[in-house]
Amino acid sequence: MAFVREPIPGVVYPSPEESAAFAEQGIFENITMPEAYARIAAQMPERAAVTDPDGTYTHGELDEMTTRLAAAFLAIGLRPLDRAIFQISNSRELVVSMLACLKAGIIPICTLTAHRSLEIGFLARHAGARAHFICTDDKFDFAGFAQEMRGEAPSLDYTIVARGDVPEGEGIFGLADLAARIGLAAADQALAAVERDPAQVAVFQLSGGTSGTPKIIPRFHNEYLYQITMAGKFHGLGHETISFSAAPMMHNAPIVCYWGPPLWAGGEVVSVPHPTPQAMAALIKTRRPNWMAIPLPLLMRLLEQEDLDPALMAQAVHVAPSYALQLKHRIGADAVTLYGMTEGIICYGHKDDGDYILGETVGRPIDPHTEIRIVDPETGEELPEGEIGEMIFRSANSTRGYFDAEDRNREAFTADGFCKSGDLMSIRRVDGVLHLTFNGRVKDVVSRGGEKINCQEVESVVMTHPDIAAVLCVPMPDQAYGEKMCAFVIPASGRSVPDVAALGRFLEGKGMAKFKWHERIEVVDAFPQTGSGKPSKPLLRDMITEILRREQPAA
């Protein structure tokens, strides 16, 4: 692995010494992501590559279309190493747009359709984005929003509509029109001039933290391709794999763990722009995916579809980050647990693992070069195996620093290059192999009269109640105890959430100490989300604080 040829200001690359060590160990293939895909497409041009309700592209069609689009992007004025905001719903067009950007050397910024001006404005300015990819077939007015963002981020010169109607205006282009502008031979010639540097940034991913505006995480062609490939090899994913996930496809986990491994191995990616249970059921019946990742609340609603044969769900392997064992016994399917961070670590369970691994651990690192330590969160001192502390890690995949964020980097990384996860974990050896248990967040505790209650511990038990689909526990202020625990609960479909007393009796039956029980329940339809699209406990804390304030009698 050679050191990057043209460093981007603000990006923290592996040092030349690290790059030389990676090369000596033979960790990375000296190839970029689009080169690796072109190789697969040439081997399997007739196999299905990506499907949504509007149709299917084969690998040959996808390769040709993205080559023509990449050249068209350059022809309208975009340049290699330009950055592009992505706000496209799960679809064929998302995969086409991303792959075309990779071929042109344009760096996708992996934002979400749920992001709005606070996140998009900041990220576009921070990264100097020049293009904004959108879809106009959404209930939200993305065309108007993109125009607004061009006013807030002067670097945004182009709006590219991947799906839906294309409004008129300067610098606004439709994906289909761009693809038709240039022939394949001319496109190949134009892309021949694009430098292929495996050590260069492929995508700007976003941090998955629990609060704040997302931080930008550079992921590089060689290491991202390596992690995608390792995830596929771990599970034996290949050209016969048909993957489906309802999670936002630009998230790191879907790219690395759900749809990236099959695509780069000649398999098929199935997507649904608007993932209603009905739309998902229809596509599952026609494409019969054998590798699935569906968030639990949505999965529960999907299983209630009367015209969906349960055998179609049972024949697939399901990625179930915190509910693998529960899902395995619920639908009789193989399920695997998953733990990952966009900063560069992936731990998986395997479908052949026993119930202990699926139920009590988050799996094991898929990369044998990953170094893991469990340390005291306050002192940084390494703890013995089996003790709970903060997990820190370092590997060829791990982030060396967030983009243009020196102050945050000093907090988030150790002096010797380990990334601080912020997660409380412990090491468990199963047949001599290191596995990790997840024991909550470093700061995810309720301090009730001096007693520290781990929220994740309570959540994991509450989740076993049949009337509850999802739960998040947070501290709420209390004059006597300082803090008490409030449980925000999403009920299972068609069920009523038990009250505080009934749920307390349930926890008592599970053997949980009474001081750990929640002392209030708030029933919600959905959890508020962070800028990176994950449930936000800080927002839930704000919600319960405001509810308590309103309940106080007027002075």
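The values are calculated or read from the model by the stated rules, or taken from the named source; none is laboratory data. This one's a predicted model, so the numbers in the text were calculated from it and none came from an experiment. Positions of Cβ are backbone-derived with ideal geometry, glycine not excepted, and every protein chain shown enters the neighbour counts.
Scan the stretch 48-66 and tell me whether some residue there is of a type in the set (A, V, I, L, M, F, W, C) and either assigned to a loop (DSSP other than H, G, I, E, B) or within 30 Å of PRO154 (Cβ to Cβ) (or both). No, the stretch 48-66 contains no residue that is of a type in the set (A, V, I, L, M, F, W, C) and either assigned to a loop (DSSP other than H, G, I, E, B) or within 30 Å of PRO154 (Cβ to Cβ) (or both). Helices (runs of 4 or more DSSP H) fully within the stretch 273-353 that include at least 2 residues being in contact (Cβ under 8 Å) with a residue 24 or more places away in the chain and surrounded by fewer than 18 Cβ atoms within 10 Å (Cβ to Cβ): 277-287, 296-303, 324-331. With respect to PRO248, determine if the residue is in contact with a Gly (Cβ under 9 Å, 6 or more places away or on another chain), more than 30 Å from PRO45 (Cα to Cα) and not in a helix (DSSP H, G or I). Taking the combined requirement at face value, the residue does not satisfy it.
Examine the stretch 16-28 for a residue that is under 27 Å from the mean Cα position of the chain (by Cα), outside the structural domain of HIS132 (by TED's automatic domain parsing) and more than 30 Å from GLY128 (Cβ to Cβ), and state whether such a residue exists. Yes; the residues of the stretch 16-28 include at least one that is under 27 Å from the mean Cα position of the chain (by Cα), outside the structural domain of HIS132 (by TED's automatic domain parsing) and more than 30 Å from GLY128 (Cβ to Cβ).
Tally up the residues in the stretch 420-459 that are under 21 Å from the mean Cα position of the chain (by Cα) and not in a strand (DSSP E or B), please. Residues that pass the stated criteria total 3. Scanning the stretch 535-555 for residues that are among the basic types (Lys, Arg), within 25 Å of ARG495 (Cβ to Cβ) and out of contact with any strand residue (DSSP E or B) (no Cβ under 7 Å at 6 or more places or on another chain) yields a count of 0. Count of the stretch 315-326 residues, restricted to those that are under 21 Å from the mean Cα position of the chain (by Cα) and modelled with pLDDT under 90, is 3. Among the residues making up the stretch 67-84, those that are in a helix (DSSP H, G or I) and either crowded, with 17+ Cβ neighbours inside 10 Å or basic (Lys, Arg) (or both) are THR67, ARG68, LEU69, ALA70, ALA71, ALA72, PHE73, LEU74.
For every residue, the table says whether it meets (1) surrounded by 20 or more Cβ atoms within 10 Å (Cβ to Cβ); (2) in contact with a Cys (Cβ under 8 Å, 6 or more places away or on another chain); (3) hydrophobic (A, V, I, L, M, F, W, C).
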residue: LEU472; (1), (2), (3): yes, yes, yes
residue: ASP478; (1), (2), (3): no, no, no
residue: VAL489; (1), (2), (3): yes, no, yes
residue: SER493; (1), (2), (3): no, no, no
residue: THR545; (1), (2), (3): no, no, no
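For VAL12, are the conditions met, namely being at pLDDT 95 or above, in a loop (DSSP other than H, G, I, E, B) and either buried (at least 16 other Cβ atoms within 10 Å of the Cβ) or of a type outside the set (D, E, K, R) (or both)? Spelling it out, VAL12 is indeed at pLDDT 95 or above, in a loop (DSSP other than H, G, I, E, B) and either buried (at least 16 other Cβ atoms within 10 Å of the Cβ) or of a type outside the set (D, E, K, R) (or both). When the stretch 148-182 is filtered for residues that are more than 14 Å from THR136 (Cβ to Cβ), of a type in the set (Gly, Ala, Ser) and in a helix (DSSP H, G or I), the ones remaining, listed by number, are GLY151, ALA179.
Restricting the first member to the stretch 61-75 and to residues that are within 17 Å of VAL161 (Cβ to Cβ) and touching a residue at least 12 places away in the same chain (Cβ under 8 Å), and the second to residues that are of a type in the set (Ser, Thr, Tyr) and part of a helix (DSSP H, G or I), the beta-carbon pairs closer than 8 Å and six or more apart or on different chains are LEU69/SER97.
Out of ALA193, ALA129, ALA185, which single residue is modelled with pLDDT of 95 or more, over 27 Å from the mean Cα position of the chain (by Cα) and in a loop (DSSP other than H, G, I, E, B)? Can you show your working first?
Working: ALA129 fails: over 27 Å from the mean Cα position of the chain (by Cα); ALA185 fails: in a loop (DSSP other than H, G, I, E, B).
Only one candidate qualifies: ALA193.
The set of residues from the stretch 442-459 being surrounded by 13 or more Cβ atoms within 10 Å (Cβ to Cβ) and under 17 Å from TYR481 (Cα atoms) comprises VAL445, VAL446, SER447, ARG448, GLU451, ILE453, ASN454, CYS455. Pairing each residue of the stretch 87-104 that is within 18 Å of ASP137 (Cβ to Cβ) with any residue that is surrounded by 24 or more Cβ atoms within 10 Å (Cβ to Cβ) and charged (D, E, K, R), provided the two are 6+ apart or on different chains, yields C-beta distances under 8 Å for ILE88/ARG163; SER89/ARG163; SER91/ARG163; GLU93/ARG163.
Of everything in the stretch 198-223, what is at pLDDT 95 or above and either assigned to a strand (DSSP E or B) or surrounded by fewer than 20 Cβ atoms within 10 Å (Cβ to Cβ) (or both)? Give them in sequence order.
Step one: list which residues in the stretch 198-223 are at pLDDT 95 or above, which gives 198-205, 216-223.
Scanning the stretch 198-223 gives VAL201, ALA202, VAL203, PHE204, GLN205, ILE216, ILE217, PRO218, ARG219, PHE220.
Considered as a group, the residues in the stretch 378-420 that are of a type in the set (Ser, Thr, Tyr) and surrounded by fewer than 20 Cβ atoms within 10 Å (Cβ to Cβ) include one that is nearest to GLY340 (Cα to Cα), and that residue is THR414.
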